[in-house]
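Below is one structure, written out as structure tokens; comments come after it.
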Amino acid sequence: MKQLRWIPLLIVGVVIVMNYSCKDYDLYDEEKAQEINDSVMPIDSVDKYHDWMLYNTATVTVKANDYVGAQWVKVLTADPRVSMEAEVATQAPISDGGTANLSFCYPKRIDSLYVALIDNEGLYTVTRFKPGSQQEVDFSAPLYRKQLIGYIPQPQVFVFCYEEEMPYIIDADNDYNDIVFYLSYERTGDRELRFHVQLAAVGTDKQVAAAIRLKDFKYTDIESITTVGNTSFNKNPQGEEVPNQILTVHKNKELLLESMNDRDAVINLFCDGHWATGVLRSSDEDYGRMVRKRYNVTIGSSESAQTMVPREVTYVVTFKEGVSIENLTFDLIDPFIIKMFLGGIYEVHPFAYRKDNVLKEFKYDELIRIPWSLTIPYKKFRHPLEGVNIGFKKKDIMGFGAYGLRGHSFGEWSMDQNLSLDWYLNEYATENQVY
């Protein structure tokens, strides 16, 4: 499972100790540490300016000047008349002659998007635009008017994948499957957003919690958070709540929390990823000792791993009067996991927020160059199997891994953030190395 030999492990261990214990005496050589780090990392020569973002953020002003009885305006990732892969990047209420200012995120691999006006009969009027160069869109020359679409495009899904080994570089296997969940959101009212969270995999044997910070939306901006059907990741399908006595990482089960430093609103997902799968029950003989299998990261079942049906919970967030929710995008959504290491509690965030302390105080160390989490703007993403590196790349030699196809590889994207922007698509995965 681990690809590292004992000698570089020993060297890295010494460097880590120097990092934590000798900084006051200027003995820590960051450049040397990174050189050693590169020798044991699956990717060398990582793009030092890498932001690890596979998506862009844009804003567009839409003018509903084609009088079609519009009720909603939607930004779509594809033409819904010809592609069943079209997703809703954002939407808002609108009427004929009205204007909407929309902010949204979209995959970097895509250069054209679509805007649709939808009337009360569900008929679509659609035009195309380029988000990288167009800030205004109207319907003076639509692709088509008031047409029935064969299916209803669903909210855009992003996949969030985490390595829970942070900050222990020696033990990292870079399979990004310790926690995997699918997240989408949609505006369903003037003051209401719904967040759909599907837990797809738990590839760790340790207790891990999870939450979502809404960056720049304050705790006091929220009127309430509920869930559809009163479901909860902290309860199994039989309604049994995760026992307090087994919780060591995160014990608060309230749906709405407040971040420590900036007072942002936090949606509390689950206290224990294994309980959140819905597989465990209080009547299980070993539940008190928590036999922690790995879920949906192996082919078939064993004593330590098994498959599960992914669970989904929908969170209904109602904002207070006067709070503007039009500008919420995925880059303001900060899903993170909470884990324990050597008695300390750490948060693992998307790269942009990697140093932020939201619910727990911890120290982030930059020793590792590749991120501890990945955000994939692709609803069909298949995460690597347990112990399978996401993709090696050493100098000019392509190594092995789940996404290692030359010209479309994780390694090439790591070395240059402008290359292989489509590496995560299913056609570039190694079939026997992804779930």
- Query: For the range 241-249, does any single residue satisfy the condition of being assigned to a strand (DSSP E or B) and either aromatic (F, W, Y) or crowded, with 19+ Cβ neighbours inside 10 Å (or both)?
  - Reply: no
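Go through the range 88-106 and give me each residue that's surrounded by fewer than 21 Cβ atoms within 10 Å (Cβ to Cβ) and under 28 Å from M53 (Cα atoms).
Result: A92, N101, S103.
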- Name every residue in the range 333-365 that is of a type in the set (A, V, I, L, M, F, W, C), over 12 Å from the mean Cα position of the chain (by Cα) and within 19 Å of L256 (Cα to Cα), in order of residue number. I338, V358, L359
- Item | Hey, K360 surrounded by fewer than 21 Cβ atoms within 10 Å (Cβ to Cβ), out of contact with any strand residue (DSSP E or B) (no Cβ under 9 Å at 6 or more places or on another chain), outside any strand (DSSP E or B) and not hydroxyl-bearing (S, T, Y) or not | no
- Looking at (1) at pLDDT below 95; (2) over 30 Å from K206 (Cβ atoms); (3) open to solvent by 50 Å² or more (accessible area, probe 1.4 Å), which is the only condition Y151 fails? (3)
- Note on the structure: Scanning the range 378-435 for residues that are crowded, with 20+ Cβ neighbours inside 10 Å, not polar (S, T, N, Q) and not in a loop (DSSP other than H, G, I, E, B), the one modelled with the lowest pLDDT turns out to be K393
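Could you pull out every one of the strands (runs of 3 or more DSSP E) wholly within the range 86-146 that has 2 or more residues that are among the polar types (S, T, N, Q)?
87-93, 99-107, 123-129
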- If only one of D119, D79 is under 23 Å from G150 (Cβ atoms), surrounded by 16 or more Cβ atoms within 10 Å (Cβ to Cβ) and acidic (D, E), which one is it? D79
- Message: Can you pull out every residue in the range 188-199 that is open to solvent by 30 Å² or more (accessible area, probe 1.4 Å) and in a strand (DSSP E or B)?
- Response: T188, E192, R194, H196, Q198
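The values are calculated or read from the model by the stated rules, or taken from the named source; none is laboratory data. Here the structure is a predicted model, which is why all the values come from computation and not from measurement. Cβ coordinates were reconstructed from backbone atoms using ideal geometry, including for glycine residues, and neighbour counts include every protein chain displayed. Side chains included, ligands, DNA and RNA excluded: accessible areas come from the protein's heavy atoms. Shrake-Rupley method; radii C 1.70, N 1.55, O 1.52, S 1.80 Å.
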